[in-house]
1. Can you tell me which residue in the range 323-359 is farthest from residue 241 (Cα to Cα), limited to those that are of a type in the set (Ser, Thr, Tyr) and not in a helix (DSSP H, G or I)?
2. How about the range 132-226: which strands (runs of 3 or more DSSP E) wholly inside it have at least 2 residues that are closer than 29 Å to residue 340 by Cβ?
3. For the range 141-152, check the following and say yes or no: at least one residue is closer than 24 Å to residue 294 by Cβ and of a type outside the set (D, E, K, R).
4. Which residues, counting only those in the range 171-188, are polar (S, T, N, Q) and on the phi < 0 side of the Ramachandran plot?
5. Looking only at residues that are at pLDDT 90 or above and among the hydrophobic types (A, V, I, L, M, F, W, C) in the range 284-299, which one is nearest to residue 157 (Cα to Cα)?
6. Specify which of the listed residues (336, 314, 276, 271) is over 27 Å from residue 79 (Cβ atoms) and either more than 21 Å from the chain's Cα centre (by Cα) or surrounded by fewer than 22 Cβ atoms within 10 Å (Cβ to Cβ) (or both).
7. Which of the following residues is modelled with pLDDT of 90 or more, within 27 Å of residue 156 (Cβ to Cβ) and of a type in the set (Gly, Ala, Ser): 344, 316, 243?
Amino acid sequence: MRRIGLRETLHGTRDGQLAVDASLAERYGLSERESACAALVKRGCSAHEIADRLEISPSTAEKHLVALRRKLGVSSTLEAAVALLGEESESTARIPDAFGVVLPVSSSDKAASDTAIDSSSTDLVARLRTAATLDEMLELVRADLEDDGVVALFWYFLPLSAASFRKGDVLQRHSAPASLIDALQADSGATQARTAARLFAEPDRPVVVRLDRDDDAVSSLVAAACRRASVGVGITLGSPFGAGYVVLSAFYRTEPEATEDLAAAQSDRERRLRDRLLLMQNVAYSLGALARSAGLSLRERDALALIAAGHGTRSAAEAAGTTERALGQLLQSARRKLGADTTAEAVAKAMALNALVFL
């Protein structure tokens, strides 16, 4: 479940809470049901899936979708998904601009988001911009946090937020000792699943685990590996990013008990970790590292872009100068690479990865 922003309200579904953009509803005059449909359309859900999630009949779901399309001024649900994803630009974290940026909101304190980044963050942005892959970026972030005692770093991106979480559709990278990776793999994802459950139960709060004591979020295999690596604390936090949700999990060295305010020191760690998470995500999105992770070809990207622009398969094929069959094959290949069940989901994921701009 992604963290809910200031402009959003919550509405329940069979699968849990659904984030609904309150300002979007006000701007277009959407009813509560139409707003819930809009949130699901952005995730690439079909009319049947929307009916199932909201526990309404397919005909009622279609009625709400007709009203939603009319209010958005579009003629198809796919066009509605594209329009709604475009509306998310306000909440999407921005690319650091010429190294003199104001960070996106990184805490519940709005005043904190108006503080310009420090010189060390500016230096990190410059280094991140030279990296070609997500692996290189994560290694740079880990090295930047080394003075904080970070031993291992794990990055996860859910392109369609809660929908990706339910589906197990997660893009992930790590910079960590092999022993810790082996332990996480040996416990068959139990530690990651427990940590994720805690994070999504309270999306605004970091998950902090003390590894020098028993904690049911960590399997015995992982706890033992952490002790061997002299790891004492694990911090996992997440942040919404456009249609998606990004997570960073850090493991810190065991340190002797300090006399200073431990709560304040922990808060500083969490703040720096969140800021580095957003910096990496900004650059990865805006300079194409996220897009490249999908492995789309130029023709596959262009086929998705034509569908995103509102073309049907016939007009998209004409615009691309190819046959409908050839276009269908490109879309099928794009769906496979993106792990999408439908073309609407593929378009939504491609936009979340910024893959309609970059390859």
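The values are calculated or read from the model by the stated rules, or taken from the named source; none is laboratory data. Note that this is a predicted model, so its numbers are computed, not measured. Quick reminder, even Gly has a Cβ in these numbers, built from the backbone with ideal geometry, and neighbours come from all protein chains shown.
1. 323
2. Filter on the range 132-226 gives 150-158, 171-175.
3. Scanning the range 141-152, I find at least one residue that is closer than 24 Å to residue 294 by Cβ and of a type outside the set (D, E, K, R), so the answer is yes.
4. Residues of the range 171-188 that are polar (S, T, N, Q), as a first pass: 172, 175, 179, 185, 188.
Scanning the range 171-188 gives 172, 175, 179, 185.
5. Top of the filtered list is 290.
6. Sole residue among the options that is over 27 Å from residue 79 (Cβ atoms) and either more than 21 Å from the chain's Cα centre (by Cα) or surrounded by fewer than 22 Cβ atoms within 10 Å (Cβ to Cβ) (or both): 271.
7. 344
Yes/no matrix, rows are residues, columns are (1) on the phi < 0 side of the Ramachandran plot; (2) of a type outside the set (Asp, Glu):
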{"site": "269", "(1), (2)": "yes, yes"}
{"site": "278", "(1), (2)": "yes, yes"}
{"site": "302", "(1), (2)": "yes, no"}
{"site": "306", "(1), (2)": "yes, yes"}
{"site": "310", "(1), (2)": "no, yes"}
{"site": "313", "(1), (2)": "yes, yes"}
{"site": "324", "(1), (2)": "yes, no"}
{"site": "327", "(1), (2)": "yes, yes"}
